[in-house]
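Take a look at the structure below.
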Amino acid sequence: MAPSRSVADSTPPSTTSEVVENDFQPFFVLHKASSRRKDRKPTAQGKLWKRNELSSSFPQGAKKLGGRMTEECDHHLFQQLQIEAFDIVWAKIESTIKDVLRDLNAIVFNDIQKWVLECFNATKLLGEPTIAEATRSFPTLNNTTPGQMFTAFVSTRNIEFVDDILTFEELGHFLKSHGCHVAKLSSLEFSSKNGIAGCLKALLQEFLGCAIDSADISILASWYREQVNYNKPLLLIVNDLERCCGSVLTDFILMLSEWVVKVPIIFIFGVATTVDASRNILPSHALERLCPSRFMLGTPVERMDAIVEAVLLKHCTTFSIGYKVAVFLRNYFINQDGTVTSFIRALKVACLLHFSMEPLSVIHGQTLTEDQKEGKSALSPETLLKYIDELPLCARNQTVDHLTQKSMSEGLSELVTVQKLWSTAVLCLYEAGKYSRVRLLDLFCEALSQDLYLSRVSDCHVGDEKDRDLSSTNDPRQQYSIMKSGGIIGKIVCKVRDIPTGMLYQLIESWEKLTADVSEIHEKLKILQSSVRCEDGKSSRKSSKDNSKRYPVNIDKDARMLNLQAIAFLDYLLKNFLKPVEGMPFHEIFCFKNVEKLQLVLIGDPRRRIQVDLLEFHKILRCSCCSKSGNALLPSRHDSSIMYSLAQEHGDLINLHDWFQSFRTIVIQHKNKRKQNSKQSPSSKKRKDINGSADQNEASIQARFCRAVTELQITGLVRMPSKRRPDFAQRVAFGL
């Protein structure tokens with residue numbers, strides 16, 4: 001303990017507070033002392049020399065340790081900033097998605113709410129039961145019993161009910177806000193295991209707000225008879241009709257139809273396939289008790305287009321994706337049965353990967369928050385440069401050292417402007433594509449393609465296209481480069497060429513709304529509007545001059561000229577503004593394009609992941625013994641890792657005897673080393689019995705070998721020996 005006290009006394013006062021707080025001095029001293037144990041001198045002069053050497057060498061070690069701790073603190077701070085930036089950006093994206101879906105369903109929700117009021121007023125015409133009748137434990141008998149129950153079949157047109165869960169939750173909140181008693185039951189409640197009693201208990205718990213032990217419908221009738229609850233409709237929402245047990249649902253409907261006077265419940269069923277699906281589930285005598293109405297929600301493709309428009313186009317500077325990522329997400333959406341939930345989850349994973357891989361994305365969340373407070377557009381260059389200096393050292397070295405602030409300001413300003421022009425051009429194309437039923441997700445992928453953009457640029461006319469006047473393009477034989485392009489954009493252009501004049505006027509009006517805030521595009525659109533007004537004035541003068549005469553040839557010619565001018569406008573947008581973001585500098589700040597990483601997370605390659613973990617486990621465990629040894633096999637490694645590393649030396653077939661002998665040789669290395677250490681020890685006679693009892697025998701080695709082979713078989717890397725070749729195991733996975 002003497003060296004420890006001497007070093008502690010000689011510690012300089014300049015030691016960092018972190019070193020003192022975490023008390024790293026004893027560990028540092030013990031490590032240095034153990035390396036020089038054989039040079040220790042028993043004399044007092046030797047001890048004094050040892051103290052002086054350690055005390056003189058400690059400030060350098062403390063300085064290195066302090067620098068290492070500073071780097072670790074910077075790295076930890078950087079990770080915290082990444083998480084905060086992701087939370088801010090994704091919270092904005094998630095709120096935007098919820099608002100979009102709510103707006104899409106608003107019209108249908110309003111129609112359902114009006115229908116509920118009409119049904120509730122109709123139930124009042126059956127008469128109000130007296131207090132004595134309402135408190136009886138049996139239904140009221142009159143001419144209307146058994147009565148019909150008003151039922152709404154809401155068609156969601158989804159293959160999977162995952163998207164319907166959020167839709168019916170929003171519907172329940174919407175109807176509750178309009179003064180309705182709402183109970184939401186899942187299809188699992190209407191199972192044969194729960195029976196009719198389980199359905200009633202769940203229904204009572206939803207309306208009364210507490211658990212009820214007895215399944216008695218009269219409890220609900222007494223609760224509804226109270227003055228606070230009576231003047232409000234009773235609604236029961238079941239999100240998936242097709243998943244309900246038909247017999248249980250039939251008994252439930254028949255029972256409630258007998259209590260329709262006391263408990264006028266209105267059904268709302270979610271139907272995923274067709275509105276006639278109830279005929280396949282319910283018998284005829286149960287369908288007779290229902291008075292059906294039908295409502296249709298938007299298709300998953302329509303919801304997807306609305307999300308893409310709001311998140312990836314109108315808020316493109318919040319978060320964006322590259323061409324390959326967009327194509328992968330589109331295919332992922334199609335392969336996952338068109339569920340919007342799967343697309344949103346994949347988009348969230350892409351956003352998380354972007355903020356974990358790109359250092360500059362850290363300041364994205366901070367700038368977005370400040371710009372929203374000041375009313376600026378997202379990601380303004382001024383706010384972005386303000387937070388550049390606040391980056392930790394590990395990120396600041398990768399950004400500011402390579403680019404000056406002036407060039408960053410110019411590049412970011414140009415990036416924001418180009419992205420806004422690009423998104424406006426895509427939205428204008430989408431408005432024209434609605435007449436040919438073009439999906440925005442497909443158009444979005446095509447607009448992001450860098451190869452298609454370069455091919456369009458190579459087909460451009462010679463000259464400055466920006467200064468070309470749209471009114472001079474009246475030659476019908478003139479072919480624009482946009483008319484030569486194929487794909488979805490070519491399909492849109494062909495539709496605009498043949499669109500009627502009335503629809504063309506509506507299209508120009510929609511373009512005017514989209515380009516109102518973009519002066520570069522709006523100025524060109526004004527030229528098109530002036531030519532349209534001019535042609536409209538000419539046609540009105542011709543018709544007022546002689547109503548009896550017709551000019552079909554001139555009218556067709558004028559209409560075709562208008563269509564060509566609209567095509568010229570689209571051609572102008574394509575050549576000048578439809579430049580993908582991946583070709584711009586600084587797009588890495590908010591654009592994610594690592595599709596391989598995203599594909600690995602969403603789809604995964606479990607067999608390859610298992611192989612990598614077995615062969616490179618030291619990168620995960622970070623143990624010093626295995627990381628220093630490199631590719632050498634040590635007995636401290638896990639048995640499965642040793643076995644699979646040895647299997648790499650064999651071909652398709654692995655000889656079990658050779659495999660076992662190799663494994664045994666590695667494991668026994670630990671035994672031999674322990675024996676050598678015990679011989680060198682002065683108290684070897686005392687420790688001989690302890691070491692002998694701890695040594696592994698042959699049976700334990702064979703047991704470890706069999707367990708490791710079984711683990712490799714379970715993971716699908718090795719196939720067990722067959723009866724024909726009992727001495728050989730077969731490798732299943734090869735290569736990484």
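The values are calculated or read from the model by the stated rules, or taken from the named source; none is laboratory data. The structure displayed is predicted, hence computed values, not measured ones. Every residue, glycine as well, gets a Cβ built from its backbone with ideal geometry; the counts of neighbours run over all protein chains shown. To get the accessible areas, we keep the full protein, side chains included, count just its heavy atoms, and leave off ligands, DNA and RNA. Shrake-Rupley method; radii C 1.70, N 1.55, O 1.52, S 1.80 Å.
Tabulated data for the structure shown
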quantity	calculated
Subset of the range 435-457 (residues that are more than 14 Å from VAL308 (Cα to Cα) and either of a type in the set (Asp, Glu) or buried (at least 17 other Cβ atoms within 10 Å of the Cβ) (or both))	TYR435, SER449, ASP451, LEU452, TYR453, ARG456
Checklist (1) surrounded by fewer than 16 Cβ atoms within 10 Å (Cβ to Cβ); (2) more than 39 Å from the chain's Cα centre (by Cα); (3) more than 30 Å from MET720 (Cβ to Cβ) applied to ASN655, failing item	(3)
Selection within the range 272-319 - among the charged types (D, E, K, R), assigned to a helix (DSSP H, G or I) and more than 20 Å from the chain's Cα centre (by Cα)	ASP276, ARG279
Members of the range 709-727 found to be free of Cβ contacts under 8 Å to residues at least 40 places away in the same chain and not β-branched (Val, Ile, Thr), listed by number	GLN713, ARG719, MET720, SER722, LYS723, ARG724, PRO726
Filter pass, GLY604 being open to solvent by less than 40 Å² (accessible area, probe 1.4 Å) and on the phi > 0 side of the Ramachandran plot	yes
Breaking point among (1) under 29 Å from the mean Cα position of the chain (by Cα); (2) outside any helix (DSSP H, G or I), for LYS262	(1)
Some residue of the range 570-584 being part of a helix (DSSP H, G or I), farther than 30 Å from THR501 by Cβ and open to solvent by less than 40 Å² (accessible area, probe 1.4 Å)	yes
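Per-residue answers, yes or no, for (1) within 30 Å of ILE589 (Cα to Cα); (2) at pLDDT 90 or above; (3) open to solvent by 10 Å² or more (accessible area, probe 1.4 Å); (4) not hydroxyl-bearing (Ser, Thr, Tyr):
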site: ILE253; (1), (2), (3), (4): no, yes, no, yes
site: VAL263; (1), (2), (3), (4): no, no, no, yes
site: ASP276; (1), (2), (3), (4): no, no, yes, yes
site: ARG279; (1), (2), (3), (4): no, no, yes, yes
site: SER293; (1), (2), (3), (4): no, yes, yes, no
site: THR299; (1), (2), (3), (4): no, no, yes, no
site: GLU309; (1), (2), (3), (4): yes, yes, yes, yes
site: LEU312; (1), (2), (3), (4): yes, yes, no, yes
site: HIS315; (1), (2), (3), (4): yes, no, yes, yes
